[in-house]
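To start, the structure itself, in structure tokens.
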Amino acid sequence: MQRRTALKLPLLVAAGAALAQLPRASAEPVRWSVERANDWYKAQGWLVGANYVPSTAINQIEMFQPGTYDPGRIDRELALASKLGFNTMRVFLHDQLWAQDRRGFQSRLAQFVGIAAKHRIRPLFVLFDSCWDPYPRLGRQRAPVPGVHNSGWVQSPGADLIDDRRYGTVLYDYVTGVLSQFRNDERVLGWDLWNEPDNPSREYRKVEREDKQELVAAILPRVFECARAVNPAQPLTSGVWGDPMRRNAISDIQLAHSDVITFHSYAKPAEFENRIAELSSQGRPILCTEYLARSLGSTVEGILPIAKRHNVGAYNWGFVAGKTQTYLPWDSWKQPYKSPPKVWFSDLLYPDGRPYRESEIHTIQKLIREPT
């Protein structure tokens, strides 16, 4: 028997109260059938891209916040992605941007989708995220910590709002508002509702809420329900990031509610292929929405051919090296690097657009040109 996460009643009550404004639809749309999901996937062609944040943004807030949103930079960088042959990018949003100025945020989102469409790229939008700093703040974001991987990334919703009764209305409006804006828009690929919801974010264990996972387990089904009520033409998903055979309450929710199955793997090729085999039992399309950790054996040349062979969509982590500093390894959290490593951890391009490795670009373009 697989071990399950125990959920305490007071936490369930608190989470339910925080999202009390999330109504149930009178005629609830249901999870896509296996047939519908596979028909949708067949119409897409092979999906390949990267997780994208502009090189001048340290996190998802800085990417879309007034004053730092940079459509010119985004246009130039997505042009590079299109030149590689990428047809999709995974893009993170943040609830506080909606709370700050929903009309302005929606306007910038609309512009972003238009820029991406110009380059024949469809975004897979991520609404919530349990990784890294649990206390996001609007306004000027801190500068990157020298020598540290992803030092400014933030969670959504933050630890001080995740069970706030009044903020539940904002979360409901955010989910339904963003999805409604693009519910029938063919330029948007899909909705990744929560990134790594069961990630304990150990780098912030001194300030992380001890009850976060229990709260997320209570909220996540309601987020799917709210998104489902919008009845978008695009699929809903949330990616499992641990071992799919070692389930917990949250991964069970993800697999039970996702129209298409998404997962993360920074492992070597053999383990990556094992993950695909394990998840294939779901009978649904599969996308790997995070890979590429060169020093751990997760490389473009090793992973992407396997994904293509199994017709699994693939998004590597990072695109243009910049303020996220994800070319640095995870161990930089314990020991900051004094200079960039010879072998980059993630990211594909230098800030000026030059490839980090020409061989990777050749592999990407060759595989994209080959018939599926």
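The values are calculated or read from the model by the stated rules, or taken from the named source; none is laboratory data. Keep in mind that what you see is a predicted model, and the values were worked out from it rather than measured. With ideal geometry, Cβ positions are generated from the backbone for all residues, glycine too; neighbour counts draw on all protein chains shown. Calculation scope for accessible area: heavy atoms of the full protein, side chains included, ligands and nucleic acids excluded. Shrake-Rupley method; radii C 1.70, N 1.55, O 1.52, S 1.80 Å.
Taking the dipole about the Cα centre of region 25-143, with the C-beta of Lys and Arg at +1 and of Asp and Glu at -1, give me whichever of His94, Cys131, Pro66 is farthest to the positive side.
The listed residue farthest towards the positive side: Pro66.
At 0.36 nm per residue, minus the direct Cα-Cα distance, what do Gln181 and Asn311 gain on full extension? Give it in nm, one decimal, please.
Gain on extension, Gln181 to Asn311, equals 43.8 nm.
Can you give the convex hull volume of the alpha carbon atoms of region 86-134 per residue, in Å³?
75
Filter Lys118/Lys308; Lys206/Lys268; Lys83/Lys118; Lys268/Lys308; Lys308/Lys342; Lys308/Lys366 down to the pairs with a C-alpha to C-alpha distance above 22 Å, please. Don't skip to the answer; put the middle values down first.
On the way: Lys118/Lys308 25 Å; Lys206/Lys268 31 Å; Lys83/Lys118 12 Å; Lys268/Lys308 16 Å; Lys308/Lys342 28 Å; Lys308/Lys366 11 Å.
In this structure, Lys118/Lys308; Lys206/Lys268; Lys308/Lys342 exceed 22 Å between Cα atoms.
Report the FRET efficiency, 1/(1 + (r/R0)^6), for Arg142 and Asp252, where r is their Cβ-Cβ distance and R0 is 41 Å, rounded to 0.05.
0.70
For the chain, what is the mean residue ellipticity at 222 nm derived from helices alone (per DSSP H run of n ≥ 4: -39500 (n - 2.57); sum divided by total residues; nearest 500 deg cm²/dmol)?
-11500 deg cm²/dmol
Kirkwood Rh, Cα Rg: Rg to Rh for region 152-267?
0.96
With a point put 7 Å past each Cα toward its Cβ, work out how far Ser280 is from Val30 in nm, to one decimal.
Between Ser280 and Val30, the simple spin-label model gives 2.8 nm.
Which residues' amide hydrogens lie under 5 Å from the amide hydrogen of Arg122, considering only partners 5 or more residues apart or on another chain, with H built in the peptide plane?
Answer set, sorted by chain and number: Thr88, Met89.
Which residues does the label zone of Asp331 cover in region 344-361, counting backbone N under 14 Å from a point 7 Å along Cα→Cβ?
From region 344-361, the list is 344-345.
P(r) for the chain: what percent of alpha-carbon pairs falls in each 10 Å bin, starting at zero?
5, 25, 37, 27, 7, 0
Treat each spin label as a single point 7 Å out from the Cα along the C-beta direction, and report the Asp101 to Ala233 distance in nm.
3.0
Which percent, nearest 5, of DSSP beta bridges in region 123-246 are antiparallel? Please report the intermediate quantities before stating the final value.
Numbers: 1 of 9 bridges.
Expressed as a percentage, antiparallel bridges in region 123-246 total about 10.
Taking the chain as a Gaussian network, Cα atoms linked when under 10 Å apart, which of Lys342, Lys83, Lys42 shows the biggest mean-square fluctuation?
Lys342
Compute the accessible area per residue over the chain, keeping the other protein chains in place, probe 1.4 Å, unit Å².
I get 42 Å² per residue for the chain.
Just by accessible area at a 1.4 angstrom probe, what is the order of Arg284, Arg90, Arg202 from largest to smallest? If you can, show how the numbers build up before the last one.
Working: Arg284 25, Arg90 0, Arg202 150 Å².
Order by accessible area, largest first: Arg202, Arg284, Arg90.
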